[in-house]
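Enquirer: Provided herewith is a single structure, encoded as structure tokens, for subsequent inquiry.
The values are calculated or read from the model by the stated rules, or taken from the named source; none is laboratory data. Not measured: the values here are computed from a predicted model. All Cβ positions, even for glycine, are placed from backbone atoms using ideal geometry, and neighbour counts span all protein chains on display. Remember, those area values only see protein heavy atoms, side chains included, never the ligands or the DNA or RNA. Shrake-Rupley method; radii C 1.70, N 1.55, O 1.52, S 1.80 Å.
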Amino acid sequence: MKKNVASGNLFRMTGLFVFLFCVVIASAVTSKVTHQSTAEEFLKGEANDVMISSKGTMQLGRESERLTKDFNDVWSINCVAASGGDIYIGTSPNGGVYRCRKGKTEEIYSAVKENSKEENPKADANEISDSNDTGEIVAADELLANEHIFAMAVDKSGKLLVGISGRRCALCRLDGGKLVTLYEPNDAMYIFDIKVADNGEIYLATGPQGKIYQLNSAGKKAKVLYDSTDKNILSLAIANEGTIIAGSDTRGLVYKIDVETGSVEVLYDTEQPEVTSVLVTPQGDIYASATSAQMVAAQKQFAQQIPLAGRPEVTGEQDSDDENETSGGSMQLKIANTKKTDSGDGQQERASRKLPKPDMVSHIYKISADGFVTDVFAQAAVLFTLDEQNGQLLLGTGNEGELFTIDPASEDSAVIYKDEQASQITAMTVVDNDIYIGTANPAKLIKIGSGLAKQGTFTSGLVDAAQPADWGKLQIDADIPRGTKVMAASRSGNVGDMNDATFSQWTEAVEIDGPVQLRCPMGRFCQYKLILSGDGSNSPVVREVAVSSVIPNLAPNVKEVTVTRNEEAEKQGWFKISYSAQDDNSDTLVYTIDFRRLGRQGWIELEKDIGESTYEWDGRTVEDGRYEIRVTANDGRSNSVEKTLANSRVSEPVVVDNTAPAIEIDFVSVVRDGKAEIEFAAFDELSAIDEVSYTVDSSKDWKKAIPNDLVYDTLTEEFTIVLEDLKAGEHVLAIRAKDSVGNTAYKSIELNAK
């Protein structure tokens, strides 16, 4: 019985040894796990019918449907309105009004045709033509009428109100299939917004005189409600009966206007040029989007988002972090904890990322009923249109063609729709649970339903392994409800451009129910694609993605070897050998140092298995001469014998000179009348003569000798010194010669002065 226990212990110890051996072998390569869990990282990729929130979660977006085909001569949808089940859109640059009914779109007003009929009453609307400067006949759809439909609304009777701007400025009503003019302000060119109060009164925001007009429900009895000093009034909202909220252009002010008294109050100076939208919630809170039309550079959302001061606490809000794998048929996936990790961008880069300049950031401000202002959204983007649905703000932006949803309570935001073609979302209206948006460049009408898309894809940015790597497993932290799933595909390449033709083909998508092995070829860059599927009411929620990569063992790189002489007096003749090396696998390196005399073939080992990056060498242990120092780095401590790799670098030649110069007396004149002349030379085999001095009958009063050629610069220097005023008798002349490395020689001669 005891024998069996001992055998079992031996088996376990053997298994432990094998495991530890495998760990050592495994560390022979660079294993890195790249984590992506922030909106900034996810938005480096491309999402199609996938919503990415500011918290860094990813799930299916809302279902969407394009309702219109391509328009002729329409560049932008400026406004959208709904009446009686029909959706109306106002466009630029030809001032067209279109009606979308049961999936069909028809033009009900065209500024080109109306203007042409005025000029040529007999012409058929479908045969209108004109000539250009060359005399050629130009079809009507090739003309620009320079009219725009910036604003529409529905009056109290359910009829469509249309504001025509540009060459003609007029408020019209759609009656009997035709636009009937109600009012033409004589001091305005643009109608930017139309709002209808509960009592039927109509309010117009105009420019370029910055006036607000008030009309009765019939569109008559027009009067100027407020004449501002701003260039344009861009946006209007009705706070309650008798109160109008307005947003201006030029100074970016939010006004509150009392209809009865005409009194005006500035609620907030946004410090942005334009207040493009104002919105009043049923609770009485006012929201204003402040932006600048000059912000036309493309941006990645959240990458340059101005951070707000913390996040408000939302009552009842909880983070879902249940460790159970399944709950009610749902599956929860977790990512294994790893020691070596790498963020998609790197923590250091993210921390040092510069925020955009304040004048290049747009904001949404909340103005409470008490007049307090809160910044609930800040983004380097152009804000075009603002609306509200079920307590959530909806925001259309450019120049990425994205529709945001913003929770005013938590200040969390998400991109719920991104148009793959259009640059801007310029118009929006909410009808029950549906959202209708209009875009520009190109112009499209999109219906966003209340349900979720049944499938969406997220294609990541490039994951960089820094070297050609084998790609390991992909893991996700996600909740996957019953009836939904997440699939993954991947591809790889060696060019930092995902559009490069040399990237591999996408692998076949496989369902993720745990860690998934990536099947793409070896390459420096990897790109993964997640395919989210749902049932129209439920969606997977992905919180984090981890991708592992393994770089095969690479030889270390000895980047530098320097050898310097130790200047300390007590270490005369010693050298300091310094070296540095890099290992792309982050292996532990040890060093071997060899030397050889210049011109010889074989190396002599000086020291091995050195862990430090410097070594002190006693040069007095070798003969004088010129030497090379070789430093070899190897990664044997992190690899098996078979996998160990090494790399060497040889220093520049270094002079080992431990021998003092020689002094040779060539001529001594007869000492007579207290005067003597001595000629001598100092020479060295390796080092230049650096200093020669002499003294007579002393060990202190040394005088420097000057070479005959006046310069210390060679191995041999010749000198002539003249001694004067020598007293009669015996004298001792001492000469001291020092080479450039500090070796010093002395020589003395006796002189007899007569």
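Enquirer: Please give the per residue accessible area of region 461-580, computed with a probe of 1.4 Å over protein heavy atoms only, in Å².
Expert: Solvent-accessible surface per residue comes out at 44 Å².
Enquirer: For region 551-558, take each phi angle, set θ = phi - 60°, evaluate the Karplus expression 6.51 cos²θ - 1.76 cosθ + 1.60, and give the result in whole Hz per residue in order, putting x for glycine and proline.
Expert: Once rounded to whole Hz, the list reads 9, x, 4, 10, 5, x, 10, 7.
Enquirer: Which cross-chain or sequence-distant (5 or more) residues have an amide H under 5 Å from the amide H of LYS473, H modelled 1.01 Å from N in plane?
Expert: LEU518, SER548
Enquirer: Let's see if you can work this out: charge +1 on each Lys and Arg Cβ, -1 on each Asp and Glu Cβ, no other charges. What is the dipole magnitude of region 679-720 about its Cα centre, in debye to the nearest 20?
Expert: Working: 3 positive and 11 negative charges, 52 e Å.
Dipole size: approximately 240 debye.
Enquirer: Another question about this same structure. Among GLY56, PHE71, GLY84, which residue has its Cα furthest toward the positive end of the charge dipole of region 35-86, with +1 on Lys/Arg Cβ and -1 on Asp/Glu Cβ?
Expert: Highest projection toward the positive end goes to GLY56.
Enquirer: For VAL622 and GLU677, what is the calculated FRET efficiency with R₀ set at 41 Å and r taken between the beta-carbons, to the nearest 0.05?
Expert: 0.50
Enquirer: What is the set of long-range amide H partners of ASP635 at a cut-off below 5 Å, with H atoms built 1.01 Å from backbone N?
Expert: Amide H to amide H, under 5 Å and 5 or more residues apart or across chains, ASP635 pairs with LEU645.
Enquirer: Next question. Quick check: at a probe of 1.4 Å, how many percent of the accessible area of region 582-668 sits on carbon and sulfur atoms?
Expert: 42
Enquirer: Another one. Among 152-158, 391-397, 666-672, what's the highest-first ranking by average C-beta atoms within 10 angstrom per residue?
Expert: Working: 152-158: 17.1, 391-397: 22.1, 666-672: 12.6.
My ranking of the peptides, most packed first, is 391-397, 152-158, 666-672.
Enquirer: Given PHE680, THR632, VAL692, which one lies farthest toward the positive end of the charge dipole of region 616-754, if we put +1 on the Cβ of every Lys and Arg and -1 on the Cβ of every Asp and Glu?
Expert: Of the listed residues, the answer is THR632.
Enquirer: By per-residue mean of other Cβ atoms within 10 Å, what is the highest-first order of 216-225, 577-586?
Expert: Per-residue Cβ counts within 10 Å, averaged per peptide and sorted highest first, yield 577-586, 216-225.
Enquirer: Using the Cα centre of region 411-542 as origin and beta-carbon charges of +1 (Lys, Arg) and -1 (Asp, Glu), tell me which of GLN505, ILE448, SER533 is placed farthest towards the positive end of the dipole.
Expert: Towards the positive end, the residue furthest out is GLN505.
Enquirer: Also, quick follow-up: Checking the cross-link filter: which aspartates and glutamates have an alpha carbon closer than 16 Å to that of LYS473, excluding same-chain neighbours under 8 positions apart?
Expert: The qualifying aspartates and glutamates are ASP342, ASP464, GLU508, GLU511, ASP513, GLU544.
Enquirer: What is region 375-460's relative contact order, in percent, from Cα pairs under 8 angstrom and six or more apart in sequence?
Expert: Over region 375-460, the number comes to 20 percent.
Enquirer: Separate question: Loop only by DSSP, 10 or fewer other Cβ within 10 Å of the Cβ. Give me the GluC sites (Glu not before Pro) in region 365-462 that pass, ordered by residue number.
Expert: Sites meeting the loop and neighbour criteria: GLU420.
Enquirer: Please compute the net charge surrounding ALA290, taking Lys and Arg as +1 and Asp and Glu as -1 over other residues with Cβ under 9 Å from its Cβ.
Expert: Every neighbour counted, the sum reads -2.
Enquirer: Mind scanning LYS576/LYS747; LYS366/LYS418; LYS156/LYS220 and naming the pairs with a C-alpha gap bigger than 23 Å?
Expert: LYS576/LYS747; LYS366/LYS418
Enquirer: Ok, one more. Per the 1.4 Å probe, what fraction of the accessible area of region 401-443, in percent, lies on carbon and sulfur atoms? Walk me through the numbers before you get to the answer.
Expert: Working: 450 of 1210 Å².
Here carbon and sulfur together make up 37 percent of the probe-accessible area.
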